[in-house]
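A short worksheet on the structure shown next.
The values are calculated or read from the model by the stated rules, or taken from the named source; none is laboratory data. Bear in mind the structure is a predicted one, so any value in this text is a computation, not a measurement. Don't worry about glycine lacking a Cβ; one is built from the backbone with ideal geometry, like all the others, and counts go over all protein chains shown.
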Amino acid sequence: MKMSIGVDLHKTQFTVCFLSEDRRIEAHRLYPTTKSGYEDFFTQCNEFEQESYNLQAAVESTGNARFFRNQLITKGIDVTVVNTMKFKVINESVKKTDKHDAKTLAEFLEKDMLPESQLCSQMSEDIRRILKSRQVLVKATVSIKNQLHGMLMGYGIETKTGQFQSKRERQRILNGLVDHDIYGGAIVAVQPLFEIIDRLSVDIKKLEVVLASLVAEDEDVSLLMSIPGVGLITASTIRAHIDDINRYESAKKFASYMGLAPWVQNSNETIHHGHITKRGPQELRTAMVQCVLGMVRTKSKTENFRLMINYRLMKKHKGSGTSIIATARKLSTIMYTMLKNREPFDPIRMENKKKYLDMQAAALDAAREQKVC
């Protein structure tokens, strides 16, 4: 007989509702998220298993849902992680208690009516954590550099964007502050910040080395990096957030997951199209924008690509922002095809359409001649 377990998970505790299929058992328990709490919970689960109950659990997608799910899987309990974006019953309930929420999850689990959230693989999770740590360090570095620009401006020293990027340039500025008495105590205020930038730069490079080692044999990252202008960080970000390309049935659904698809309202004979939905991970959309900007920067390689020609034409009429997003949407289709077919980026297929067809015809003629010989 089936035993449905609804779990309302929090940071310090979790409320559980055990609900049997015949409704003979409806038990509520509260456990702390500690080692002893998990042990007590599993002891209760073992008691129900000895009574020939088939246990199934449901928990909402939260920050520690992965850890909780892994704990239950090791004990042989099937777990459904609920997609909270599609399951609004709990949020919109007028009776919002942990006990009631756990029972609601158990009831919907029993009827197999819970929208499941797809958790990424452990490999993707590890890449995301490294990228997140790097992002925190990069933001801290940028913040300190902005403070330094303002601080030096107060001493009458004009600095340019990117001037603090080089360690040699930072040392030159420090030497200039030491040699001139007119700057007063500027050296005392500036030097510690420069030292922090030095340490952060070292830590950022360490994380990049770890990331490079982690994805060294990853085929998806290699395929994505075959696109001109796409580097290690951007490719790793995209790979980590899409996880498995086979999760997406089509290129349209792939773009929709990224949040690059426009929203649509269709009622009777009225159809409205709006801006992009922005429903997917923000990091993924940012990475797609960086891919487009990378292709723009590598002009020598991408200038004759149809994608870039359309981008430049659109930019004249629609502006830069809209053109970048539209190009990112088209690029997502290319990426989907590459990852689905396990093929690297082919610059020949991106050339002018007439030129590409001529090259195809020439290749076909050469193949025919070789076959005749």
Checklist entry - Which residues, taken from region 90-99, are part of a helix (DSSP H, G or I) and surrounded by fewer than 17 Cβ atoms within 10 Å (Cβ to Cβ)? => result Lys99
Item to check | Conditions (1) at pLDDT 95 or above; (2) exposed (fewer than 11 other Cβ atoms within 10 Å of the Cβ); number of the one not met by Tyr31 | outcome: (2)
Checklist outcome for this item: Exception for Ile242 within (1) surrounded by 14 or more Cβ atoms within 10 Å (Cβ to Cβ); (2) over 26 Å from Gly321 (Cβ atoms) falls at (2)
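Yes or no: Ile157 assigned to a helix (DSSP H, G or I), in contact (Cβ under 8 Å) with a residue 12 or more places away in the chain and over 22 Å from the mean Cα position of the chain (by Cα)?
Values: assigned to a helix (DSSP H, G or I): no; in contact (Cβ under 8 Å) with a residue 12 or more places away in the chain: yes; over 22 Å from the mean Cα position of the chain (by Cα): yes.
No: the conditions fail for Ile157.
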Item to check | Residue, surrounded by the most Cβ atoms within 10 Å (Cβ to Cβ), within region 34-77, restricted to residues that are over 20 Å from Leu114 (Cα atoms) and charged (D, E, K, R) | outcome: Glu49
Checklist entry - Residue check: is Ala57 assigned by TED's automatic domain parsing to the domain that holds Val79, small (Gly, Ala, Ser) and modelled with pLDDT of 95 or more? => result yes
Item to check | Matching residues, region 222-255, being over 14 Å from the mean Cα position of the chain (by Cα) and either assigned to a helix (DSSP H, G or I) or among the basic types (Lys, Arg) (or both) | outcome: Ser222, Leu223, Leu224, Met225, Leu232, Asn246, Arg247, Ala251, Lys252, Lys253
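Per-residue answers, yes or no, for (1) at pLDDT below 80; (2) surrounded by fewer than 18 Cβ atoms within 10 Å (Cβ to Cβ); (3) β-branched (Val, Ile, Thr):
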{"site": "Ser250", "(1), (2), (3)": "no, yes, no"}
{"site": "Lys253", "(1), (2), (3)": "no, yes, no"}
{"site": "Ser256", "(1), (2), (3)": "no, no, no"}
{"site": "Leu260", "(1), (2), (3)": "no, no, no"}
{"site": "Gln265", "(1), (2), (3)": "yes, yes, no"}
{"site": "Glu269", "(1), (2), (3)": "yes, yes, no"}
{"site": "Gly274", "(1), (2), (3)": "yes, yes, no"}
{"site": "Arg279", "(1), (2), (3)": "no, yes, no"}
Next on the checklist: I'm trying to understand the selection: among the residues of region 302-344, which are touching a residue at least 40 places away in the same chain (Cβ under 8 Å), surrounded by 19 or more Cβ atoms within 10 Å (Cβ to Cβ) and more than 16 Å from Phe254 (Cβ to Cβ)?
Outcome noted: Thr302
Next on the checklist: Suppose we filter Phe87, Phe108 for residues that are closer than 22 Å to Glu26 by Cβ, of a type in the set (Phe, Trp, Tyr) and assigned to a loop (DSSP other than H, G, I, E, B); which single one remains?
Outcome noted: Phe87
Checklist entry - Can you spot a residue in region 105-117 that is among the charged types (D, E, K, R) and within 30 Å of the chain's Cα centre (by Cα)? => result yes
Next on the checklist: Residues that are surrounded by fewer than 14 Cβ atoms within 10 Å (Cβ to Cβ), under 21 Å from the mean Cα position of the chain (by Cα) and within 25 Å of Leu232 (Cα to Cα): does region 141-148 have at least one?
Outcome noted: no
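For region 319-361, how many residues meet the condition of being in a helix (DSSP H, G or I), at pLDDT 70 or above and either touching a strand residue (DSSP E or B) at 6+ places or on another chain (Cβ under 9 Å) or over 22 Å from Ser256 (Cα atoms) (or both)?
We begin by selecting, within region 319-361, every residue in a helix (DSSP H, G or I); these are 320-341, 347-350, 353-361.
Of the ones still in play, those that are also at pLDDT 70 or above are 320-341, 347-350.
Still in the running and either touching a strand residue (DSSP E or B) at 6+ places or on another chain (Cβ under 9 Å) or over 22 Å from Ser256 (Cα atoms) (or both): 325, 329, 347-350.
Total meeting the criteria: 6.
Looking only at region 48-80, which residues are part of a loop (DSSP other than H, G, I, E, B) and of a type in the set (Phe, Trp, Tyr)?
Initially, region 48-80 is screened for residues part of a loop (DSSP other than H, G, I, E, B), giving 51-53, 61-64, 75-77.
Listed by number, the list holds a single entry, Tyr53.
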Checklist entry - Thr277 passes all but one of (1) free of Cβ contacts under 8 Å to residues at least 24 places away in the same chain; (2) within 30 Å of Leu207 (Cα to Cα); which number fails? => result (2)
